[in-house]
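The values are calculated or read from the model by the stated rules, or taken from the named source; none is laboratory data. Remember, it's a predicted structure, so these values are computed and weren't measured experimentally. Positions of Cβ are generated from backbone atoms using ideal geometry, with glycine treated the same way; all protein chains shown enter the neighbour counts.
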Amino acid sequence: MNYYTDDAILVVKPGMIARGKEEIKKAFIAIAKYFNNSIVPTQGEMIILEAGDCALVLSQTLLEADKEDSGFSMDRRATYVFKKNSEGEWLCAIDNSYGTELINK
């Protein structure tokens, strides 16, 4: 949770958003349970667009898990927004592994 801003949001799935570190933590626990604690995310190609203390990250996010029947793609074009804090650390403010697919849902 150290990598998130206090007011961060996580797109859990289309139509479901976790807000703040406590909700995000609960969501990650539920996601791990859904995938039988087998989910392994990796990043593919990544583009970072930086302006001042904000950055938009466009990334190929690949998910592997032992679960065969997920209703969601395991190869995603994610979008993330990061903000630089007063210590110069980049923290995630918006974690959206579904990227623009949210428009289609």
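Worth pointing out:
Conditions (1) among the aliphatic types (A, V, I, L, M); (2) outside any helix (DSSP H, G or I); (3) without any contact (Cβ under 8 Å) to a residue 60 or more places away in the chain, marked per residue:
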residue: I9; (1), (2), (3): yes, yes, no
residue: A18; (1), (2), (3): yes, yes, yes
residue: E22; (1), (2), (3): no, no, yes
residue: K25; (1), (2), (3): no, no, yes
residue: N37; (1), (2), (3): no, yes, yes
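- Within the range 80-105, being hydroxyl-bearing (S, T, Y), within 14 Å of L58 (Cβ to Cβ) and out of contact with any Pro (no Cβ under 7 Å at 6 or more places or on another chain) holds for Y80, S97, T100.
This table checks each residue for (1) farther than 21 Å from E101 by Cα; (2) at pLDDT 95 or above; (3) under 15 Å from the mean Cα position of the chain (by Cα).
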| position | (1), (2), (3) |
| --- | --- |
| A27 | no, yes, yes |
| K33 | yes, no, no |
| S38 | yes, no, no |
| T42 | no, no, yes |
| A55 | no, yes, yes |
| D75 | no, no, yes |
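- The number of residues in the range 91-105 being buried (at least 17 other Cβ atoms within 10 Å of the Cβ) and not in a loop (DSSP other than H, G, I, E, B) comes to 7.
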